[in-house]
Amino acid sequence: MPGSIRKRGNAYCLTVSHGYDECGKQNRFYKTVQAKSDAEAQKQLALFYAEVVSGKQERQTKMTLRAYVDYWRENYGSNPKFLSRKTYERYNELLNGRIIPALGHLRLDEIQPGHILRFLRELQKPGVRMDGKPGVLSDRQIEMYYRLLSAIFNKAVKWKLMPENPCASVDAPKVEYDPEDIRIYDEETLGQFLNTLETDPKVKTKYKALVYIALITGMRRGEILALEWSAIDLERCQIYVRQASEYIVGQPVTTKDPKTKGSKRKLSISDDIVYLLNLLKEEQVQQQNKKGDKWVISDRVFTNNTGGPMHVNTFHNWLQKFTAANSLPPISPHDFRHMSATYKLQEGAGLKAVQGDLGHTRVGTTNRYTHRLESAARDATNRMTAFVQRIKQTAATKDSE
């Protein structure tokens with residue numbers, strides 16, 4: 001039996017060796033017991049060894065969080081089967097920026113809920129932003145740190161590198177969604193934007209199609225840019241969302257699965273979109289004939305000038321130039337997604353139907369758009385109340401004259 005006993009006063013320190021860790025070193029398990037004799041200690045060692053072999057005893061590790069993060073990256077984070085490249089890049093920013101500097105020196109078996117609480121409190125203090133902007137981190141940003149820590153600790157528990165997740169004893173930071181944080185055009189501004197889009201002769205068909213697909217369907221930017229002609233049924237006015245484009249700085253544009261399982265969906269499109277797509281298809285054939293051998297053969301709907309996938313930033317960059325040139329408030333491609341949800345709900349669409357269009361897994365995520373409608377309704381009520389008070393006061397003033 002691989003084990004040893006060392007007597008310490010009236011107690012016995014038991015050591016059992018079993019299996020190997022991620023670095024190829026033998027695992028050692030320790031336990032201190034009370035025994036009346038060496039023979040009884042031997043029996044305790046046999047029981048302890050049985051617990052270790054059966055997996056009931058978690059091994060202690062001297063691995064620091066910094067070393068564990070490297071192990072997590074190698075065996076999980078960097079694998080695109082588990083995390084998208086964009087998510088992995090964002091996680092590394094959080095890990096390298098704050099988590100490792102603050103907690104990286106601690107051993108996994110030393111990390112307690114108190115460490116997590118103190119770390120989250122530090123994130124709430126003024127002056128912690130790294131972008132040079134004034135103010136504090138948003139609740140959403142702080143929640144991201146908590147979620148990431150909890151996720152990597154869950155993996156450590158699963159891999160038997162630590163006995164329990166310290167985040168399990170810490171309440172997740174509460175995130176309150178402010179309706180004003182959702183940036184959208186009001187009806188008048190949206191109308192001006194669309195009219196300018198229609199009448200400006202310099203606007204290419206592909207940008208008109210991008211805008212209308214984003215606004216009518218609520219698709220994510222990456223989903224739109226990854227559309228292929230084989231995923232569009234122009235006769236039935238339907239789009240099948242099957243994939244998304246992804247870009248990491250310094251690397252080529254790639255294709256990945258949509259954000260969630262619910263993101264794979266079938267969407268209806270308007271006659272205006274069908275018209276624009278038919279026109280775009282004709283222009284694409286003409287461009288291909290013009291480029292000849294320089295044209296990259298693909299099934300992509302939205303391409304660059306040589307037929308390859310359109311860069312994920314192209315739509316955003318064009319929007320910034322278009323709005324600035326026409327004295328319109330700046331918006332991003334994702335703002336059309338917000339507008340699609342908000343105005344569909346405003347016009348009477350059901351919450352579940354809008355959830356399906358957006359590809360949200362939870363209806364609660366979609367429900368945040370109703371808060372903006374409630375806010376608008378309260379504002380209208382307040383305005384009407386002020387109006388009533390004003391006309392009553394005017395009438396009272398005339399009666400007193």
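The values are calculated or read from the model by the stated rules, or taken from the named source; none is laboratory data. What you are looking at is a predicted structure, and each value in this text was computed from that prediction instead of being measured. In this analysis, Cβ positions are derived from the backbone assuming ideal geometry, glycine residues included, and neighbour counts consider all displayed protein chains.
Every residue, every condition in (1) in a helix (DSSP H, G or I); (2) under 14 Å from Lys206 (Cβ atoms); (3) in contact (Cβ under 8 Å) with a residue 60 or more places away in the chain; (4) over 31 Å from the mean Cα position of the chain (by Cα), yes or no:
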position	(1), (2), (3), (4)
Gly250	no, no, no, no
Pro258	no, no, yes, no
Asp272	yes, no, yes, yes
Phe322	yes, yes, yes, no
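Mind checking whether some residue in the stretch 15-35 is at pLDDT 80 or above and part of a loop (DSSP other than H, G, I, E, B)? For the stretch 15-35, residues at pLDDT 80 or above and part of a loop (DSSP other than H, G, I, E, B): present. Of a type outside the set (S, T, N, Q), touching a residue at least 40 places away in the same chain (Cβ under 8 Å) and over 19 Å from Ala209 (Cα atoms): is that true of Leu345 in this structure? So Leu345 fails the test. Just name the residue that is nearest to Val175 (Cα to Cα) out of those in the stretch 350-398 that are at pLDDT below 65 and under 25 Å from the mean Cα position of the chain (by Cα). Among residues in the stretch 350-398 that are at pLDDT below 65 and under 25 Å from the mean Cα position of the chain (by Cα), the one nearest to Val175 (Cα to Cα) is His371.
If you go through the stretch 92-111 and keep only what is charged (D, E, K, R) and closer than 17 Å to Gln141 by Cβ, you end up with Glu93, Arg98.
Scan the stretch 154-162 and give yes if some residue there is among the basic types (Lys, Arg), in contact with a helix residue (DSSP H, G or I) (Cβ under 7 Å, 6 or more places away or on another chain) and either surrounded by 13 or more Cβ atoms within 10 Å (Cβ to Cβ) or in a helix (DSSP H, G or I) (or both), otherwise no.
Yes - at least one qualifying residue is present in the stretch 154-162.
Residues that are outside any helix (DSSP H, G or I) and more than 16 Å from Ser245 (Cβ to Cβ) within the stretch 284-320 comprise Trp295, Ile297, Asn305, Thr306, listed in sequence order.
Of the listed requirements (1) at pLDDT 90 or above; (2) surrounded by 14 or more Cβ atoms within 10 Å (Cβ to Cβ); (3) under 30 Å from the mean Cα position of the chain (by Cα), Asn304 misses just one: (2). What number of residues within the stretch 200-226 are under 27 Å from the mean Cα position of the chain (by Cα) and assigned to a helix (DSSP H, G or I)? Selection size over the stretch 200-226: 15.
Let's see how each residue does on (1) among the hydrophobic types (A, V, I, L, M, F, W, C); (2) under 18 Å from Lys158 (Cα atoms); (3) surrounded by 16 or more Cβ atoms within 10 Å (Cβ to Cβ); (4) modelled with pLDDT of 85 or more:
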| position | (1), (2), (3), (4) |
| --- | --- |
| Ala39 | yes, no, no, yes |
| Lys56 | no, yes, no, no |
| Leu95 | yes, no, yes, yes |
| Arg118 | no, no, no, yes |
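Quick check on the stretch 83-119: of everything there that is assigned to a helix (DSSP H, G or I) and in contact with a strand residue (DSSP E or B) (Cβ under 8 Å, 6 or more places away or on another chain), which residue is nearest to Ala168 (Cα to Cα)? Filtering first and then ranking leaves Leu108.
Of all residues in the stretch 165-199, those being free of Cβ contacts under 8 Å to residues at least 40 places away in the same chain, surrounded by 15 or more Cβ atoms within 10 Å (Cβ to Cβ) and not in a helix (DSSP H, G or I) number 1. The residues listed here are Leu137, Leu149; of these, the one that is in a helix (DSSP H, G or I) and buried (at least 16 other Cβ atoms within 10 Å of the Cβ) is Leu149.
Quick grid of which residues meet (1) crowded, with 18+ Cβ neighbours inside 10 Å; (2) aliphatic (A, V, I, L, M):
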{"position": "Thr205", "(1), (2)": "no, no"}
{"position": "Ile213", "(1), (2)": "yes, yes"}
{"position": "Arg220", "(1), (2)": "yes, no"}
{"position": "Glu228", "(1), (2)": "no, no"}
{"position": "Ile232", "(1), (2)": "yes, yes"}
{"position": "Arg236", "(1), (2)": "no, no"}
{"position": "Val241", "(1), (2)": "yes, yes"}
{"position": "Val249", "(1), (2)": "no, yes"}
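Looking across the stretch 63-88, just one residue is over 17 Å from Tyr20 (Cα atoms), loosely packed, with under 15 Cβ neighbours inside 10 Å and either in contact with a Leu (Cβ under 7 Å, 6 or more places away or on another chain) or touching a residue at least 40 places away in the same chain (Cβ under 8 Å) (or both), and that is Pro80.
Answer yes or no: is there a residue in the stretch 120-133 that is among the small types (Gly, Ala, Ser) and either within 25 Å of Thr64 (Cα to Cα) or part of a helix (DSSP H, G or I) (or both).
No, the stretch 120-133 has no match at all.
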